[in-house]
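Some notes on the structure that comes next.
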2 protein chains.
Amino acid sequence: MPTDSTEMEAEELTPGAQRILEVASELFYRRGIHAVGVDTIAAESGVTKRTLYNRFGSKDNLLRIYLETKDRRWRELVVDRLSSEKGDPRARVLVPFTVLPEWLTESDRGCSFVNAFAELPERDHPGNRVIRAEKEWLRRFFHDRTVEAGAGERAASTLAVQLLALHEGAIVSNAIAEVPGTARAVTEAATALVDAALA
Amino acid sequence: MPTDSTEMEAEELTPGAQRILEVASELFYRRGIHAVGVDTIAAESGVTKRTLYNRFGSKDNLLRIYLETKDRRWRELVVDRLSSEKGDPRARVLVPFTVLPEWLTESDRGCSFVNAFAELPERDHPGNRVIRAEKEWLRRFFHDRTVEAGAGERAASTLAVQLLALHEGAIVSNAIAEVPGTARAVTEAATALVDAALA
DNA sequence: GAGTAGGTATACAGATCTGTATACGCAAGG
DNA sequence: CCTTGCGTATACAGATCTGTATACCTACTC
């Protein structure tokens with residue numbers, strides 16, 4: 001059983017397992033974790049429950065892999081866009097905001113990590129760890145790019161927290177408040193904060 | 001059975017019902033909605049399940065009242081503080097941020113409404129309506145106070161979305177990323193955005 | 001040609017969930 | 001006095017949940 005392998009990659013998955021992961025991702029995100037049973041996931045994936053347990057071992061493990069996969073996809077999106085923004089250091093800080101419009105097209109139910117966090121209170125749950133690592137990665141991203149843009153340590157730390165909050169809030173409030181133009185307005189705010197910090 | 005009364009107030013509740021609501025609020029917030037059963041709520045409230053159903057009718061209704069109560073408490077906190085900030089129009093815009101430190105002392109698991117939203121996907125669920133109404137109220141609060149401070153309609157609309165996102169993100173990322181000084185840093189950012197919009 | 005990997009099909013154990021049924025106790029107010 | 005409101009105590013119906021058991025099928029590989 002490959003389920004204890006932490007380095008399990010999506011490419012190593014069998015076709016059936018890949019379908020299970022895709023279906024589970026969609027259901028966990030759209031309906032919530034506890035609201036979705038393994039019977040439903042198996043049925044909608046077109047496999048038997050036995051196959052699901054043979055591939056993933058448990059619902060908790062499938063959940064962890066769902067979060068890890070989403071995390072990897074998010075980081076890759078940001079890092080990829082970063083490499084095409086080699087010139088302007090301020091634009092590099094803002095990459096998580098400039099990718100927001102395309103990221104939000106599949107995120108109309110809020111942030112996967114925030115939503116999962118609501119259902120995973122225990123800090124030692126593998127899923128909870130993935131979630132906190134993701135937020136820490138983004139905070140550090142803002143911090144490091146800000147330092148690279150020429151800011152001091154204190155300014156970079158403050159700006160990182162501000163941008164992290166603004167970014168989280170954009171995804172969440174876009175889904176709940178449903179105000180048109182949220183991504184654009186928030187990106188403008190982020191730009192203003194970056195310009196002020198680097199002035 | 002008083003359960004269908006929408007105007008049900010906490011003061012009208014029997015002592016037992018009040019205890020149930022307090023315990024349920026804590027458990028829903030800390031462990032999640034689906035993860036908490038009515039048996040647990042009844043047991044920790046020191047009442048029987050029969051009493052819970054006699055007072056609240058159903059778990060869904062208890063959940064709705066939990067959200068409505070939290071919503072009322074939040075609005076009252078903001079409105080109360082607003083009346084002691086009669087002078088400076090910019091300070092009035094920022095009231096939801098200045099009350100953040102005290103609000104966050106009991107909100108180390110993120111935003112109750114955002115967390116509940118993650119578990120209530122259906123738009124016509126009573127709880128879902130309460131959540132969206134709460135966010136819309138806060139957005140409108142920012143908008144109206146900004147207009148009162150002298151901004152035009154377009155500037156007020158943009159600023160309202162920005163402050164809403166920043167505010168949501170502050171509560172959420174404070175709980176997940178656990179960066180010290182989040183409230184202070186975010187309030188500084190909000191102040192800068194308000195000043196820029198009213199310049 | 002035998003073993004192995006991936007999968008189907010079905011049934012079931014054991015726990016937990018929401019909600020209800022039945023029967024009783026007690027105190028306050030008309 | 002006696003009804004009404006609030007609550008206890010216990011049992012249970014019916015659904016759903018995670019996870020396992022048993023038995024069989026198919027294709028590929030060594």
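Any residue at all in region A:71-80 that's in the same structural domain as A:GLY181 (by TED's automatic domain parsing), within 19 Å of A:GLU12 (Cα to Cα) and touching a helix residue (DSSP H, G or I) at 6+ places or on another chain (Cβ under 6 Å)?
Quick first cut of region A:71-80, residues in the same structural domain as A:GLY181 (by TED's automatic domain parsing) only: A:71-80.
If we keep only those that are within 19 Å of A:GLU12 (Cα to Cα) too, we end up with A:71-73, A:76.
Filter once more, keeping what is touching a helix residue (DSSP H, G or I) at 6+ places or on another chain (Cβ under 6 Å): A:71.
Yes: one or more hits.
Surrounded by fewer than 15 Cβ atoms within 10 Å (Cβ to Cβ), within 28 Å of A:LEU27 (Cα to Cα) and within 12 Å of the chain's Cα centre (by Cα), is that true of A:GLU102? Step through it out loud before you land on a result.
Working: surrounded by fewer than 15 Cβ atoms within 10 Å (Cβ to Cβ): yes; within 28 Å of A:LEU27 (Cα to Cα): yes; within 12 Å of the chain's Cα centre (by Cα): no.
In short, no.
Which of the residues spanning region A:161-180 are free of Cβ contacts under 8 Å to residues at least 12 places away in the same chain, surrounded by fewer than 24 Cβ atoms within 10 Å (Cβ to Cβ) and either facing chain B (nearest Cβ under 7 Å) or within 16 Å of the chain's Cα centre (by Cα) (or both)? Break it down stepwise before answering.
Restricting attention to region A:161-180, the residues satisfying the condition of being free of Cβ contacts under 8 Å to residues at least 12 places away in the same chain are A:165, A:173, A:177-180.
Of the ones still in play, those that are also surrounded by fewer than 24 Cβ atoms within 10 Å (Cβ to Cβ) are A:177-180.
If the condition is that a residue be free of Cβ contacts under 8 Å to residues at least 12 places away in the same chain, surrounded by fewer than 24 Cβ atoms within 10 Å (Cβ to Cβ) and either facing chain B (nearest Cβ under 7 Å) or within 16 Å of the chain's Cα centre (by Cα) (or both), then A:ALA177, A:VAL179 are the ones that fit.
Out of curiosity, is A:TYR29 within 14 Å of chain B (Cβ to nearest Cβ), closer than 30 Å to B:PHE117 by Cα and either away from DNA strand D (no atom under 16 Å from the Cβ) or assigned to a helix (DSSP H, G or I) (or both)? Break it down stepwise before answering.
Values: within 14 Å of chain B (Cβ to nearest Cβ): yes; closer than 30 Å to B:PHE117 by Cα: yes; either away from DNA strand D (no atom under 16 Å from the Cβ) or assigned to a helix (DSSP H, G or I) (or both): yes.
Yes; evaluated as a whole, the condition is true for this residue.
From the list B:LEU62, B:LEU77, pick out the single residue that is aliphatic (A, V, I, L, M) and either near DNA strand C (Cβ under 9 Å from one of its atoms) or over 30 Å from B:ARG92 (Cα atoms) (or both).
B:LEU62
Tally up the residues in region B:32-89 that are away from DNA strand D (no atom under 14 Å from the Cβ) and not hydrophobic (A, V, I, L, M, F, W, C), please.
21
So which pairs qualify, if the first residue must be in region B:36-58 and free of Cβ contacts under 8 Å to residues at least 60 places away in the same chain, the second must be not in a helix (DSSP H, G or I), the Cβ gap must be under 8 Å, and the two must be at least 6 apart or on different chains?
Filtered contacts from region B:36-58: B:ALA42/B:THR48; B:ASN54/B:MET1; B:ARG55/B:LEU13; B:ARG55/B:THR14; B:GLY57/B:MET1.
State whether the residues of region A:122-143 include one that is among the aromatic types (Phe, Trp, Tyr) and out of contact with any Leu (no Cβ under 7 Å at 6 or more places or on another chain).
To start, the set of residues in region A:122-143 that are among the aromatic types (Phe, Trp, Tyr) comprises A:137, A:141-142.
Applying the additional criterion that residues be out of contact with any Leu (no Cβ under 7 Å at 6 or more places or on another chain) yields A:137, A:141.
Yes, because at least one residue in region A:122-143 is among the aromatic types (Phe, Trp, Tyr) and out of contact with any Leu (no Cβ under 7 Å at 6 or more places or on another chain).
Please name all residue pairs, on different chains or six or more residues apart, with Cβ atoms under 8 Å, provided the first residue is in region B:4-25 and is assigned by TED's automatic domain parsing to the domain that holds B:ILE41 and the second residue is at pLDDT below 50 and more than 16 Å from DNA strand C (Cβ to nearest atom).
B:GLN18/B:ALA10; B:LEU21/B:ALA10
Report the residue count in region A:112-151 for those that are more than 21 Å from A:SER58 (Cβ to Cβ), in contact (Cβ under 8 Å) with a residue 24 or more places away in the chain and at the interface with chain B (Cβ under 8 Å from one of its Cβ atoms).
Qualifying residue count, region A:112-151: 3.
Can you name the residue in region B:186-195 that is without any contact (Cβ under 8 Å) to a residue 24 or more places away in the chain and surrounded by fewer than 21 Cβ atoms within 10 Å (Cβ to Cβ) and, of all such residues, is farthest from B:ILE171 (Cα to Cα)? Explain how you work it out, then say what you get.
From region B:186-195, those without any contact (Cβ under 8 Å) to a residue 24 or more places away in the chain are B:188-189, B:192; that's our starting set.
Keeping just the survivors that are surrounded by fewer than 21 Cβ atoms within 10 Å (Cβ to Cβ) gives B:188, B:192.
Working: B:GLU188: 15, B:ALA192: 19 Å.
Per the criteria, the residue is B:ALA192.
Just to be sure before I move on: is B:THR158 within 11 Å of another protein chain (Cβ to nearest Cβ) and buried (at least 17 other Cβ atoms within 10 Å of the Cβ) in the structure I sent? Explain how you work it out, then say what you get.
Numbers: within 11 Å of another protein chain (Cβ to nearest Cβ): yes; buried (at least 17 other Cβ atoms within 10 Å of the Cβ): yes.
Criteria met by B:THR158.
The values are calculated or read from the model by the stated rules, or taken from the named source; none is laboratory data. Because the structure is a prediction, the values reported are computed rather than measured. Quick reminder, even Gly has a Cβ in these numbers, built from the backbone with ideal geometry, and neighbours come from all protein chains shown.
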